[in-house]
1. Please enumerate the residues belonging to the range 69-99 that are small (Gly, Ala, Ser) and surrounded by fewer than 16 Cβ atoms within 10 Å (Cβ to Cβ).
2. Select from the range 55-101 the residues that are more than 21 Å from GLY45 (Cα to Cα), assigned to a helix (DSSP H, G or I) and among the aliphatic types (A, V, I, L, M) and list them in ascending order.
3. Name the residues in the range 51-103 that are without any contact (Cβ under 8 Å) to a residue 12 or more places away in the chain, under 17 Å from SER33 (Cβ atoms) and of a type in the set (Ser, Thr, Tyr), would you?
Amino acid sequence: MNDAREGKAEAGAAIGDAAANTAPGAGGAAGLSARQRMVIDCFDGGGVLLTREDIAARTHLRLSSVCGRVRELLDAGYLQVRGLRRCAATGKPHELLGRKGAR
């Protein structure tokens with residue numbers, strides 16, 4: 001039983017290592033998951049700035065899923081926070097996200 005668990009853990013680590021070793025500037029989004037790719041694909045132009053809510057609407061993913069993928073992409077250097085926009089309904093600030101290096 002432990003052998004099966006160890007095998008799964010090793011496989012998971014290998015997948016995580018492969019994704020972590022894909023540099024954002026190397027043209028290699030090969031290490032991205034399908035949902036991470038969906039989020040990145042929302043930023044089709046250089047100057048596109050979106051909130052997490054905007055991304056959820058474009059991808060038809062739940063906001064909780066978008067937030068997790070955005071955090072992963074921020075940590076990996078694919079996205080960056082580029083500003084704030086106030087929510088019209090609540091007045092709370094929402095981060096504007098953009099592709100790293102895009103202007």
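Bear in mind that the values in this text are calculations on the coordinates, not laboratory data. Model, not experiment: these values are computed from the prediction. Because the Cβ atoms are built from the backbone with ideal geometry, glycine has one as well, and the counts that use them run over all protein chains shown.
1. Hits for the range 69-99 are GLY77, GLY83, ALA88, ALA89, GLY91.
2. If the condition is that a residue be more than 21 Å from GLY45 (Cα to Cα), assigned to a helix (DSSP H, G or I) and among the aliphatic types (A, V, I, L, M), then LEU63 is the only one that fits.
3. Across the range 51-103, the qualifying residue is only SER64.
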